[in-house]
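Participant: Here you go, one structure.
The values are calculated or read from the model by the stated rules, or taken from the named source; none is laboratory data. Keep in mind it's a predicted model, so treat the numbers as computed, not measured. Quick reminder, even Gly has a Cβ in these numbers, built from the backbone with ideal geometry, and neighbours come from all protein chains shown.
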């Protein structure tokens, strides 16, 4: 059982306050959806939790089973069990997907997976996401379509089996088929009961495929309302108008 | 007595075996403007006393400056090269006849002295071989390499500059391709205080195909310069130039000049050159100048690309966010940057060695 506890987290970018006191607790097996309008700071929350150097934490705490996450380097966070599926995954020229995946798995698991098992594991995980085996010999994210990038992110999620998975706008840029395949991947990870999931999204569309246990409305750099799945339905019907100042 | 420029146009330059045909180098010349002359130990202004030797081991025939093949592919374009061609004591002739399965290796090891050297590779028609020149040790060395690639021959020349930190190395490396000949040059420059290489290619007949690959890694204080000239002098020939350099640390400096000229007679030419540079720290510097001169409109294709970029921290973040420690992530990115070159070398032993060398550069 893992618990990620975010307490009163404030973050700024270049001296501009973006997160203004975020409180959230995520446990293994739970799925939380964070929904909010553009510019509300959702992605800032995701990247701050992963430790991107662009974001400066100005207050609050984040702990993973009591361990101070904010004092960890980016790679230490990942090895501690945090994972961020990115909205815009980065190209790494000259580094093949298979080399990347095995290096990452070695780092996260603490030892190199036996080659024979690894090849099988990678193949099976790729097949489950409808990915062509030739994909493994391409360079990381180089020339990938939007859908390929997201499948590749979820492939990593399935292979690295994090304790806490943060999915940043994983639904953006996906057609219906790709959204279904990617969602099934996320659901396989959820079904293990060993991963807590934080789903960051603008639209309710992905929530038809991935049922959240909790929905949080994120506006102005913090959570302004919490509820169950019915809150997402309300947002789908009425949008964010109720939560944003009338002037906007 | 200055000789007239034998090669006219944009890349006009004096070519002569007579050292006195060249004035002393001042640093204001276009072709010397990037080179820190004060580190050349007097090679540029004639004050250097070059009276030492360099140890060459391998299979070859020893030759002197009067050998008839000397000067057939290379005509010196500057004073140090002309002096070296006139005054070298012991040169090496490698004759390639037939198709060789094993590489021919020459180990050229400096022992701290100032020396001239000259290597001639005479590849007979329809021959095939890989020739590896390994430069190591320390000293001041001006060494020419001439490659005569006979009709339909296929020669790969690998020149590794893995000198000690204090070495100074100037080298003109000229290849002349016969009809339908193939030539691949692989230049790998890692060590030395100042290394300045001039690989040149010219074509004696149609159908020649030259591929020039280069990789350089400059650490603090190193000046690594590669000046290429591909002269399309015959119809229907091809050239591909791909050079990549990384630089890190104070006064780490790489220079790449890629000159390609397509002469009037060289119809049907197909050429492309690419240079990429990766700066791993703020103090490092890379200069890149591609030049293309076309004297005929009847060509198959001609282009060039050059780009210099800083290390992308987002790549580092992405890899680290998957648990990969920062130093390893950095290694992956740099290896990835060079991968395009390494995979095209086609000599597994050398690729392994290069991987190891890059790793040690990156962990230094």
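Participant: So which residues in the stretch B:9-25 are modelled with pLDDT under 90 and not in a loop (DSSP other than H, G, I, E, B), if there are any at all?
Facilitator: Scanning the stretch B:9-25 gives a single hit, B:13.
Participant: If you don't mind, there's one more thing I want to ask. Any idea which residue in the stretch B:53-66 is surrounded by the fewest Cβ atoms within 10 Å (Cβ to Cβ), counting only those that are touching a strand residue (DSSP E or B) at 6+ places or on another chain (Cβ under 6 Å) and within 17 Å of residue B:147 (Cβ to Cβ)? Outline the logic, then answer.
Facilitator: Step one: of the stretch B:53-66, the residues touching a strand residue (DSSP E or B) at 6+ places or on another chain (Cβ under 6 Å) are B:53-58, B:60-61, B:63.
Okay, now just the ones that are also within 17 Å of residue B:147 (Cβ to Cβ), so B:56, B:58, B:60-61, B:63.
On the way: B:56: 20, B:58: 16, B:60: 18, B:61: 12, B:63: 18.
Filtering the stretch B:53-66 for residues that are touching a strand residue (DSSP E or B) at 6+ places or on another chain (Cβ under 6 Å) and within 17 Å of residue B:147 (Cβ to Cβ), the one surrounded by the fewest Cβ atoms within 10 Å (Cβ to Cβ) comes out as B:61.
Participant: As an exercise: evaluate residue A:118 against (1) closer than 29 Å to residue A:180 by Cα; (2) under 21 Å from the mean Cα position of the chain (by Cα); (3) more than 9 Å from every other protein chain (Cβ to nearest Cβ) and give the number of the one condition it does not meet.
Facilitator: The one condition residue A:118 does not meet is (2).
Participant: Within the stretch B:68-81, is there a residue that is more than 28 Å from residue B:124 (Cα to Cα) and not in a loop (DSSP other than H, G, I, E, B)? Before you say what the answer is, go through the steps one by one.
Facilitator: So in the stretch B:68-81, the residues more than 28 Å from residue B:124 (Cα to Cα) come out as B:78-80.
So of that shortlist, the ones also not in a loop (DSSP other than H, G, I, E, B) come out as B:79-80.
Scanning the stretch B:68-81, I find at least one residue that is more than 28 Å from residue B:124 (Cα to Cα) and not in a loop (DSSP other than H, G, I, E, B), so the answer is yes.
Participant: Would you confirm, using the coordinates I've provided, whether residue A:188 is modelled with pLDDT of 95 or more and either closer than 24 Å to residue B:314 by Cβ or within 11 Å of chain B (Cβ to nearest Cβ) (or both)? Let's see the steps before the verdict.
Facilitator: Details: modelled with pLDDT of 95 or more: yes; either closer than 24 Å to residue B:314 by Cβ or within 11 Å of chain B (Cβ to nearest Cβ) (or both): no.
So residue A:188 does not fit the description; no.
Participant: Oh, and also: Whether any residue in the stretch A:228-241 is under 15 Å from the mean Cα position of the chain (by Cα) and surrounded by fewer than 18 Cβ atoms within 10 Å (Cβ to Cβ) is what I want to check. Outline the logic, then answer.
Facilitator: Taking the stretch A:228-241 as the starting set, the residues that turn out to be under 15 Å from the mean Cα position of the chain (by Cα) are none.
So far as the stretch A:228-241 goes, no, none of its residues is under 15 Å from the mean Cα position of the chain (by Cα) and surrounded by fewer than 18 Cβ atoms within 10 Å (Cβ to Cβ).
Participant: Can you tell me how many residues in the stretch B:67-85 are closer than 19 Å to residue B:21 by Cβ and surrounded by fewer than 17 Cβ atoms within 10 Å (Cβ to Cβ)?
Facilitator: Summing the residues that are closer than 19 Å to residue B:21 by Cβ and surrounded by fewer than 17 Cβ atoms within 10 Å (Cβ to Cβ) in the stretch B:67-85 gives 1.
Participant: If you don't mind, another one. Would you mind telling me which numbered condition in (1) touching a helix residue (DSSP H, G or I) at 6+ places or on another chain (Cβ under 7 Å); (2) free of Cβ contacts under 8 Å to residues at least 24 places away in the same chain residue A:171 fails?
Facilitator: (2)
Participant: I would also like to ask the following. Every residue in the stretch A:122-142 that is more than 12 Å from every other protein chain (Cβ to nearest Cβ) and touching a residue at least 24 places away in the same chain (Cβ under 8 Å), please. Walk me through how you get there before you give the answer.
Facilitator: From the stretch A:122-142, those more than 12 Å from every other protein chain (Cβ to nearest Cβ) are A:122-136, A:138; that's our starting set.
Matches in the stretch A:122-142: A:122, A:125, A:126, A:128, A:129, A:130, A:131, A:135, A:136, A:138.
Participant: Identify the residue in the stretch A:47-76 that is in contact with a strand residue (DSSP E or B) (Cβ under 8 Å, 6 or more places away or on another chain) and closer than 12 Å to residue B:321 by Cα and, among all such residues, is farthest from the other protein chains (Cβ to nearest Cβ).
Facilitator: A:48
Participant: Then there is this: Got a number for residues in the stretch A:144-163 being within 14 Å of chain B (Cβ to nearest Cβ) and outside any helix (DSSP H, G or I)?
Facilitator: Result for the stretch A:144-163: 4.
Participant: Related question: Is at least one residue of the stretch B:210-223 outside any strand (DSSP E or B), in the same structural domain as residue B:149 (by TED's automatic domain parsing) and touching a helix residue (DSSP H, G or I) at 6+ places or on another chain (Cβ under 8 Å)?
Facilitator: As a first pass, look at the stretch B:210-223 and keep what is outside any strand (DSSP E or B): B:219-222.
From what is left, the residues that are in the same structural domain as residue B:149 (by TED's automatic domain parsing) are B:219-222.
Narrowing the set further to residues that are touching a helix residue (DSSP H, G or I) at 6+ places or on another chain (Cβ under 8 Å) leaves B:219.
For the stretch B:210-223, residues outside any strand (DSSP E or B), in the same structural domain as residue B:149 (by TED's automatic domain parsing) and touching a helix residue (DSSP H, G or I) at 6+ places or on another chain (Cβ under 8 Å): present.
Participant: Of everything in the stretch A:96-108, what is facing chain B (nearest Cβ under 8 Å) and within 18 Å of residue A:150 (Cα to Cα)? Give them in sequence order.
Facilitator: Matches in the stretch A:96-108: A:100, A:104.
Participant: Is it the case that residue B:48 is touching a helix residue (DSSP H, G or I) at 6+ places or on another chain (Cβ under 9 Å), outside any strand (DSSP E or B), at pLDDT below 95 and buried (at least 20 other Cβ atoms within 10 Å of the Cβ)?
Facilitator: Working: touching a helix residue (DSSP H, G or I) at 6+ places or on another chain (Cβ under 9 Å): yes; outside any strand (DSSP E or B): yes; at pLDDT below 95: yes; buried (at least 20 other Cβ atoms within 10 Å of the Cβ): no.
It is false that residue B:48 is touching a helix residue (DSSP H, G or I) at 6+ places or on another chain (Cβ under 9 Å), outside any strand (DSSP E or B), at pLDDT below 95 and buried (at least 20 other Cβ atoms within 10 Å of the Cβ).
Participant: So, one more: Being outside any loop (DSSP other than H, G, I, E, B), closer than 26 Å to residue B:51 by Cα and either out of contact with any helix residue (DSSP H, G or I) (no Cβ under 7 Å at 6 or more places or on another chain) or not assigned by TED's automatic domain parsing to the domain that holds residue B:66 (or both) is true for just one of B:171, B:202. Which residue is that?
Facilitator: One residue alone meets the criteria, B:171.
Quick grid of which residues meet (1) in contact with a helix residue (DSSP H, G or I) (Cβ under 8 Å, 6 or more places away or on another chain); (2) surrounded by 15 or more Cβ atoms within 10 Å (Cβ to Cβ):
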site	(1), (2)
A:100	yes, yes
A:107	yes, yes
A:114	no, no
A:150	yes, yes
A:187	no, no
A:194	no, yes
A:200	yes, yes
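Participant: Has the stretch B:108-131 got at least one residue that is in the same structural domain as residue B:17 (by TED's automatic domain parsing), over 30 Å from residue B:44 (Cα atoms) and either out of contact with any strand residue (DSSP E or B) (no Cβ under 7 Å at 6 or more places or on another chain) or at pLDDT below 95 (or both)? Before you say what the answer is, go through the steps one by one.
Facilitator: As a first pass, look at the stretch B:108-131 and keep what is in the same structural domain as residue B:17 (by TED's automatic domain parsing): B:108-131.
Retained after the next criterion (residues that are over 30 Å from residue B:44 (Cα atoms)): B:123-130.
Narrowing further to those that are either out of contact with any strand residue (DSSP E or B) (no Cβ under 7 Å at 6 or more places or on another chain) or at pLDDT below 95 (or both): B:125-126.
Yes, the stretch B:108-131 contains a residue that is in the same structural domain as residue B:17 (by TED's automatic domain parsing), over 30 Å from residue B:44 (Cα atoms) and either out of contact with any strand residue (DSSP E or B) (no Cβ under 7 Å at 6 or more places or on another chain) or at pLDDT below 95 (or both).
Participant: I would also like to ask the following. Tell me which residues, restricted to the stretch B:312-327, are buried (at least 18 other Cβ atoms within 10 Å of the Cβ) and closer than 26 Å to residue B:213 by Cα.
Facilitator: B:315
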